[in-house]
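Before anything else, here's the structure in question.
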Amino acid sequence: MDAFDFTHRSDALLRHAALPRDVASPQGTVSTHDTASPRNTNTLPHNTDDILPQGLSLLGFDDATIPLLAQKIDAYIKELQLFNAAYNLVNTSERTELIVRHVFDSIAPWRIIKSQADNMRLQPAPQRDAICALPQQNSPHASSQSGNTPAAPNCIASSISVGDIGSGGGLPGIPLALVFPQFAFTLVERMDKRCAFLENCVALLGLQNVRVLKSEAERVAPESFDIVVFRAFHPLDNHIAQTLLALTKRGGILGAYKAKRKNIEEEMCGVKSCIANYESIALHVPFMEEAERNFVLVKK
């Protein structure tokens with residue numbers, strides 16, 4: 001089965017999960033939603049080959065989608081291990097840590113993202129007729145770094161566009177692109193060698209829904225994406241918040257992967273001049289129950 005076979009099957013086979021109501025807090029909205037599957041456990045399988053399929057099952061994917069998804073993730077993990085030392089992509093090259101703390105963590109809010117995307121489809125959005133693709137210049141990850149012109153991407157048809165800003169080694173963009181092949185992803189990264197790694201992964205995995213854009217976030221065209229996600233910016237300050245919001249279309253969302261809720265409240269208090277309201281949604285990452293993880297959702 002090739003990538004586009006998976007594209008046509010995935011949306012129907014992914015398990016839907018309704019998001020219950022949220023509870024207001026002084027700093028924003030704290031969600032009571034539990035993103036974990038009822039089968040979640042803190043025990044790693046004895047056989048490391050079982051980590052990927054078992055974790056994907058715990059994240060709520062249908063059994064029919066898991067073998068191909070696990071195969072693609074495994075190929076991506078091997079590329080991270082191969083190039084990590086040279087390119088400084090992530091803070092570990094150990095297979096289990098890469099799977100759990102990076103890939104599963106990236107995928108953990110998939111039901112939240114899907115719910116938001118479904119809501120977007122129900123709303124009229126004239127600007128959602130195109131996504132950001134690569135400027136076709138001299139290299140596959142070329143961008144407008146000279147002069148004052150923002151990186152102006154080409155337009156291709158799609159329903160939902162997603163920007164992974166400061167993609168680095170492709171996290172969370174590549175795992176999410178594997179989960180959502182029906183969405184169009186742009187991996188925004190400013191470093192040449194990391195862009196080269198991302199291009200290699202896109203080709204290796206057959207990700208026809210992914211483009212790599214070599215650019216600083218400030219130089220990407222405004223309102224390029226329906227959904228903007230990031231793991232790279234710690235902490236979130238006013239400049240970064242304004243930049244990321246500028247990339248988000250009206251009616252779109254900004255999604256941040258964060259750790260402790262107490263730290264989130266302090267961080268979001270520091271950017272309340274540009275982000276007045278947000279939701280903090282608890283995430284449960286398979287085999288990582290000891291670490292508090294949250295998804296901060298900002299609607300524009």
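The values are calculated or read from the model by the stated rules, or taken from the named source; none is laboratory data. All of these numbers come straight from a predicted model, not from anything done at the bench. Virtual Cβ from ideal backbone geometry, glycine too; neighbours counted across all protein chains shown. Side chains are part of the model used for accessible areas, which takes the heavy atoms of the whole protein and leaves out ligands, DNA and RNA. Shrake-Rupley method; radii C 1.70, N 1.55, O 1.52, S 1.80 Å.
Could you check Leu80 against (1) more than 16 Å from the chain's Cα centre (by Cα); (2) open to solvent by 20 Å² or more (accessible area, probe 1.4 Å); (3) at pLDDT 95 or above and say which number it fails?
Going through (1) more than 16 Å from the chain's Cα centre (by Cα); (2) open to solvent by 20 Å² or more (accessible area, probe 1.4 Å); (3) at pLDDT 95 or above one by one, Leu80 breaks only (2).
Oh, and also: (1) at pLDDT 95 or above; (2) open to solvent by less than 70 Å² (accessible area, probe 1.4 Å); (3) farther than 19 Å from Met288 by Cβ; (4) among the aliphatic types (A, V, I, L, M): which one isn't true of Leu14, the others all being true?
(1)
Of all residues in the stretch 182-200, count the ones that are surrounded by fewer than 23 Cβ atoms within 10 Å (Cβ to Cβ) and more than 15 Å from Asp226 (Cα to Cα).
7
Please specify each residue of the stretch 162-176 satisfying the condition of being surrounded by fewer than 24 Cβ atoms within 10 Å (Cβ to Cβ) and on the phi > 0 side of the Ramachandran plot.
Of everything in the stretch 162-176, those that are surrounded by fewer than 24 Cβ atoms within 10 Å (Cβ to Cβ) and on the phi > 0 side of the Ramachandran plot turn out to be Gly166, Gly168.
When you go through (1) touching an Asp or Glu at 6+ places or on another chain (Cβ under 7 Å); (2) in a helix (DSSP H, G or I); (3) open to solvent by less than 10 Å² (accessible area, probe 1.4 Å) one by one for Ala241, which number turns out not to apply?
Ala241 satisfies every listed condition except (1).
Kindly evaluate Asn209 against the criterion of being under 15 Å from the mean Cα position of the chain (by Cα), closer than 20 Å to Leu178 by Cα and modelled with pLDDT of 95 or more.
Details: under 15 Å from the mean Cα position of the chain (by Cα): yes; closer than 20 Å to Leu178 by Cα: yes; modelled with pLDDT of 95 or more: yes.
Yes: the conditions hold for Asn209.
Of the residues that make up the stretch 273-281, is at least one under 19 Å from the mean Cα position of the chain (by Cα), aliphatic (A, V, I, L, M), at pLDDT 95 or above and open to solvent by 10 Å² or more (accessible area, probe 1.4 Å)?
no
Next up: Please determine whether any residue of the stretch 247-260 is among the aromatic types (Phe, Trp, Tyr), assigned to a strand (DSSP E or B) and open to solvent by less than 40 Å² (accessible area, probe 1.4 Å).
Filtering the stretch 247-260 down to residues among the aromatic types (Phe, Trp, Tyr) leaves 257.
Narrowing further to those that are assigned to a strand (DSSP E or B): 257.
Going one step further and asking which of them are open to solvent by less than 40 Å² (accessible area, probe 1.4 Å), we end up with 257.
Yes - at least one qualifying residue is present in the stretch 247-260.
Just checking, how many residues over the stretch 284-300 are closer than 30 Å to Asn47 by Cα, open to solvent by 10 Å² or more (accessible area, probe 1.4 Å) and part of a strand (DSSP E or B)?
1
Does any residue of the stretch 220-233 turn out to be at pLDDT below 95 and more than 14 Å from Leu297 (Cα to Cα)?
Looking for residues that are at pLDDT below 95 and more than 14 Å from Leu297 (Cα to Cα), one finds at least one in the stretch 220-233, hence yes.
Restricting the first residue to the stretch 49-66 and requiring it to be over 14 Å from Ile99 (Cα atoms) and free of Cβ contacts under 8 Å to residues at least 60 places away in the same chain, which pairs with a second residue that is assigned to a loop (DSSP other than H, G, I, E, B) and polar (S, T, N, Q) meet a Cβ separation below 7 Å and a spacing of at least six or different chains?
Filtered contacts from the stretch 49-66: Gly60/Ser37.
Quick check on the stretch 195-238: of everything there that is outside any helix (DSSP H, G or I) and touching a His at 6+ places or on another chain (Cβ under 6 Å), which residue is farthest from Ile73 (Cα to Cα)?
Here the answer is Lys214.
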